[in-house]
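Read-outs: derived from the displayed coordinates by stated rules, not from any lab. Everything numeric here is computed off the predicted structure, so don't read it as measured data. No Cβ is skipped: glycine too gets one built from the backbone with ideal geometry, and neighbour counts run over all protein chains shown.
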Amino acid sequence: MRSTILLIAAFLITSFSQAQILKKPIPDKLVVLTFDDAPASQYSIVAPLLKEFGFGGTFFVCEFQPNYADSTLYMNWRQIQEIDRMGFEIANHTHTHANVSKLSQAEFNQQLGYIEQKCDSLGVPTPTNFAYPGYGLNTDALEYLEAKNYVFARAGGSRAYDPLSDHPYLIPSWATDEKNKVEIMKAFEQAKEGKIVVLTIHGVPDIEHPWVNTPPELFKEYLEYLKENGFTVISLKDLEEYIDVKEAKRLIKPDLSKKLSN
Ligand SMILES: [Zn+2]
């Protein structure tokens, strides 16, 4: 009898926090596409393809050292501005692709501030979301993001995002490369029962970092699969429609013992 009451109480508490964290139920087949490091192909290939398919996406931009100014390798700020004007989200990946677990708060703020000011000067909305360069993170970094009012922060981990148990600053993702098509296709199947699949994509293709290269044909195959199978493909910012981030931060304790890098 007592255990039944406890079970019912546990159920009620769980349903209550679910209701608080979720503004509306997470539909099956929800996928978030994120693009890191601002390689040139995100402007020439990725953005036009997303547009063609009617999909959303988040572009985590930085000035990747040392070759960011080489326009054959990386987007320039005019192109980043154009991506914003096409309706995609521009988000923060630090100024220099810094490992934020090694930065003081002042240094982290400087890294974030540079991208915020660049966006501001180009009429691009101030970024509200963040991705950890090289998946480097620690509890301090989470506090610094909170102090700057960032909404979501994306990590790695190769598992689905569960908004009821993953902290908004520890959003897991899978990273695509030219060899892991089977893994990514299996990942898409996990977008159900309240879980969201988030992908981290670099260059399409990626000339400077071949280990995170996604060939354009493979990227197109993913988009076709998502379209044909009725997936909803959105940006990270769009998740605010489903998730009450303030409540999620209040109710979920950040768990850094989970796998958070790819
Ligand atoms: Zn990066």
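What is the extension gain from Asn99 to Met185, computed as 0.36 nm multiplied by their sequence separation minus the C-alpha to C-alpha distance, in nm to one decimal?
28.0 nm
Taking H placed 1.01 Å from N in the peptide plane, check which residues at least 5 places from Phe35 or on another chain put their amide H under 5 Å from its amide H.
So Phe35 has HN proximity to Thr58, Phe59, Phe60, Ile201.
If you fit an axis through the alpha-carbon atoms of helix 216-228 and take the longest principal axis of the Cα set of the chain, what angle between them do you get, 0 to 90°, nearest 10?
Around 40 degrees separate the two axes.
Projected onto the charge dipole of the chain (+1 at Lys/Arg Cβ, -1 at Asp/Glu Cβ, origin at the Cα centre), which of Gly113, Asn229, Leu218 gives the Cα projection farthest towards the positive end?
Asn229
Grab the Cα-Cα distance for Gln110 and Lys148, subtract it from 0.36 nm times how many residues apart they are, and report the gain in nm with one decimal.
Full-extension gain reported as 12.5 nm.
Cross-link candidates for Lys258: which aspartates and glutamates have Cα within less than 13 Å, leaving aside residues fewer than 8 places away along the same chain?
Asp162, Asp166
Among Ala98, Phe60, Phe130, which residue has its Cα furthest toward the positive end of the charge dipole of region 2-251, with +1 on Lys/Arg Cβ and -1 on Asp/Glu Cβ?
Positive-most Cα among the choices belongs to Phe130.
How many Å³ per residue does the convex hull of the Cα positions in the chain occupy?
Taking only Cα atoms, the chain has a hull volume of 129 Å³ per residue.
Taking θ as phi - 60°, what are the ³J(HN,Hα) couplings along region 123-129 by the Karplus curve (6.51, -1.76, 1.60), each to the nearest whole Hz, with x for Gly and Pro?
Calculated HN-Hα couplings, in order: x, 8, x, 4, x, 10, 10 Hz.
Mind checking which lysines have their Cα closer than 17 Å to the Cα of Lys179? Skip sequence neighbours fewer than 8 apart in that chain.
Those lysines meeting the cut-off are Lys220.
If the only charges are +1 at each Lys and Arg Cβ and -1 at each Asp and Glu Cβ, what is the size of the charge dipole of region 2-251 around the Cα centre, to the nearest 20 debye?
The calculated dipole for region 2-251 is roughly 720 debye.
Could you give the nm distance between label points at Arg250 and Asn76, where each point is 7 Å from its Cα heading toward the beta carbon?
4.8
Tell me, what is the percent relative contact order of the chain, built from C-alpha pairs under 8 Å that lie six or more residues apart?
28
Report, in degrees rounded to the nearest 10, the 0 to 90 angle that the Cα long axis of helix 2-21 makes with the longest principal axis of the chain.
Roughly 30 degrees, rounded to the nearest 10.
Taking a ≥ b ≥ c as the square roots of the Cα gyration tensor eigenvalues, with a/c under 1.5 meaning rounded and otherwise prolate when a/b beats b/c, else oblate, which class fits region 204-251?
Oblate, because a/c is 1.5 or more while a/b does not exceed b/c.
Apply the Karplus curve 6.51 cos²θ - 1.76 cosθ + 1.60, θ = phi - 60°, to the phi angles in region 70-84 and return the couplings in whole Hz, x for Gly and Pro.
For region 70-84, the Karplus curve yields 7, 6, 6, 9, 10, 5, 9, 5, 5, 5, 5, 4, 5, 5, 4 Hz.
Apply the Karplus curve 6.51 cos²θ - 1.76 cosθ + 1.60, θ = phi - 60°, to the phi angles in region 238-247 and return the couplings in whole Hz, x for Gly and Pro.
With coefficients 6.51, -1.76 and 1.60, one gets 4, 5, 5, 5, 9, 10, 8, 5, 4, 5 Hz.
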